[in-house]
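Reviewing the structure listed below.
The values are calculated or read from the model by the stated rules, or taken from the named source; none is laboratory data. The model shown is predicted, which means the values in this text are computed figures rather than measured ones. Here the Cβ positions follow ideal geometry from the backbone for every residue, glycine too, while neighbour counts run over all protein chains shown. Note: accessible area is taken over every heavy atom of the protein model, side chains too, but ligands, DNA and RNA are not part of it. Shrake-Rupley method; radii C 1.70, N 1.55, O 1.52, S 1.80 Å.
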Amino acid sequence: MADDTFTIAGAEFDSRLIMGTGGAPSLAIMAAAIQASGTAMCTVSMRRVDTATPGSVLDMLAGCGVRVLPNTAGCRTAHEAVLTARLARDALGTDWIKLEVIADDHTLLPDPVELLDAAELLVADGFTVLPYTNDDPVLARRLQRAGCAAVMPLGAPIGTGLGIRNRHNIELIVAEAEVPVILDAGIGTASDAALAMELGCDAVLLASAVTRAQDPALMAAAMAAAVTAGRLAARAGRIPRRHHARASSPTHGTAVF
Amino acid sequence: MTLTVNGKLMQLPAGTTLYQLMAGLAGVGRGTAAAVDGVVAPRGGWAELELRAGQHVEILTATQGG
């Protein structure tokens, strides 16, 4: 949909699907999924060199022609997240950061206090901040006021595949957002991604739903189609829900037997 | 001298620069970054940054995630 690009901090994207690269069985399978998804931006994590293969994921993403968005996954405090973001900037030459500040291993939910603190510090340091946040309209508002370039509320906790648990809150976030709203985390299958777009989100970010699917490339294609379908439906304007039936065939001129 | 590099003790000759450490461990190209004692060491200064005994060095790179 070349006529329906969206923009984050002045950068234009022709795909409304953003892909995480975690969880794929191999780089080759990840690359095939990225190609099938049509995405224009993928996230990466920063880890110690002795537990990662230097450069390989970057080479793969460069080969796919996608923009790299580093994240602060694994950080528990604003201090850790700010340091990780600065290291990512030095390593990758980008001041864009997907900000994650996680409260615990059990829920992987964002810690709102640390998240807002980190967002303020990073905006002040010149970063383009894309925060992974709770599905809380008030926190989303605070992050936006802090100068974040987007807000990225979760549908459900990371990796659960539970879909969008509180669609009303997502609608509230969309209704007052002046920056892009990107549904991030909780997507399980294509209908979840379509619903996110129907609720008015500007884009969807997902990883596990594709990388841990039985056929990642096939699911990536499904997600791309779902995001496109949901976006088209949101623009088209759905019919209102009704309690009773309303005939679609004409009611006059009916034969009398 | 002994330093802690990514959580492990490491023996290095006195006067070793961060650039030399990076070149040996991680490569000095795009994609890696280092913090010394909790502060980012910008890549432009690696060649001049002489490491000292007891320092904690974290060397990170991009990996699949998120």
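Here is a check on your reading of the model: is residue A:256 among the aliphatic types (A, V, I, L, M) and surrounded by 23 or more Cβ atoms within 10 Å (Cβ to Cβ)?
Numbers: among the aliphatic types (A, V, I, L, M): yes; surrounded by 23 or more Cβ atoms within 10 Å (Cβ to Cβ): no.
So residue A:256 fails the test.
Can you find, within the range B:31-50, the residue that is farthest from the other protein chains (Cβ to nearest Cβ) among those that are touching a strand residue (DSSP E or B) at 6+ places or on another chain (Cβ under 9 Å) and open to solvent by 60 Å² or more (accessible area, probe 1.4 Å)? Reasoning before the result, please.
Taking the range B:31-50 as the starting set, the residues that turn out to be touching a strand residue (DSSP E or B) at 6+ places or on another chain (Cβ under 9 Å) are B:31-38, B:40-43, B:46-50.
The next check asks that each one be open to solvent by 60 Å² or more (accessible area, probe 1.4 Å); those that pass are B:37, B:42-43, B:48, B:50.
Values: B:37: 11, B:42: 6, B:43: 6, B:48: 15, B:50: 19 Å.
Per the stated criteria, the residue is B:50.
Tell me which residues, restricted to the range A:14-27, are part of a loop (DSSP other than H, G, I, E, B) and modelled with pLDDT of 95 or more.
Kept after step one, since they are part of a loop (DSSP other than H, G, I, E, B), are these residues of the range A:14-27: A:14-16, A:21-26.
Within the range A:14-27, A:15, A:16 qualify.
Count, please, the residues in the range A:195-210 that happen to be surrounded by fewer than 24 Cβ atoms within 10 Å (Cβ to Cβ) and touching a helix residue (DSSP H, G or I) at 6+ places or on another chain (Cβ under 7 Å).
So the count comes out to 4.
Examine the range A:28-42 for a residue that is at the interface with chain B (Cβ under 10 Å from one of its Cβ atoms) and part of a strand (DSSP E or B), and state whether such a residue exists. Walk me through how you get there before you give the answer.
Taking the range A:28-42 and keeping what is at the interface with chain B (Cβ under 10 Å from one of its Cβ atoms), we get A:30, A:42.
Applying the additional criterion that residues be part of a strand (DSSP E or B) yields A:42.
Looking for residues that are at the interface with chain B (Cβ under 10 Å from one of its Cβ atoms) and part of a strand (DSSP E or B), one finds at least one in the range A:28-42, hence yes.
From the list A:47, A:89, exactly one residue is outside any helix (DSSP H, G or I) and open to solvent by 20 Å² or more (accessible area, probe 1.4 Å). Which is it?
On the way: A:89 fails: outside any helix (DSSP H, G or I).
Matching residue, one of A:47, A:89: A:47.
For the range A:96-118, which residues satisfy the criterion of being buried (at least 21 other Cβ atoms within 10 Å of the Cβ) and in a loop (DSSP other than H, G, I, E, B)?
If the condition is that a residue be buried (at least 21 other Cβ atoms within 10 Å of the Cβ) and in a loop (DSSP other than H, G, I, E, B), then A:100, A:101 are the ones that fit.
The rows are residues; the columns are (1) modelled with pLDDT under 95; (2) open to solvent by 50 Å² or more (accessible area, probe 1.4 Å).
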position	(1), (2)
A:4	yes, no
A:12	no, yes
A:33	no, no
A:55	yes, no
A:82	no, no
A:94	no, no
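Considering A:147, A:159, which residue is open to solvent by 20 Å² or more (accessible area, probe 1.4 Å) and within 19 Å of residue A:88 (Cβ to Cβ)? Even if it seems obvious, please write down each step before you answer.
Values: A:159 fails: within 19 Å of residue A:88 (Cβ to Cβ).
Exactly one of A:147, A:159 is open to solvent by 20 Å² or more (accessible area, probe 1.4 Å) and within 19 Å of residue A:88 (Cβ to Cβ), namely A:147.
Scanning for something assigned to a loop (DSSP other than H, G, I, E, B), in contact with a Pro (Cβ under 7 Å, 6 or more places away or on another chain), more than 8 Å from chain B (Cβ to nearest Cβ) and open to solvent by 10 Å² or more (accessible area, probe 1.4 Å), does the range A:65-75 turn up at least one residue? Outline the logic, then answer.
In the first step, residues of the range A:65-75 are kept if they are assigned to a loop (DSSP other than H, G, I, E, B); the result is A:65-66, A:72-75.
After this cut, where a residue has to be in contact with a Pro (Cβ under 7 Å, 6 or more places away or on another chain) as well, the list is none.
No - not one qualifying residue is present in the range A:65-75.
Considering B:23, B:53, B:14, which residue is more than 7 Å from chain A (Cβ to nearest Cβ), open to solvent by 10 Å² or more (accessible area, probe 1.4 Å) and in a helix (DSSP H, G or I)?
Working: B:53 fails: in a helix (DSSP H, G or I); B:14 fails: in a helix (DSSP H, G or I).
It is B:23.
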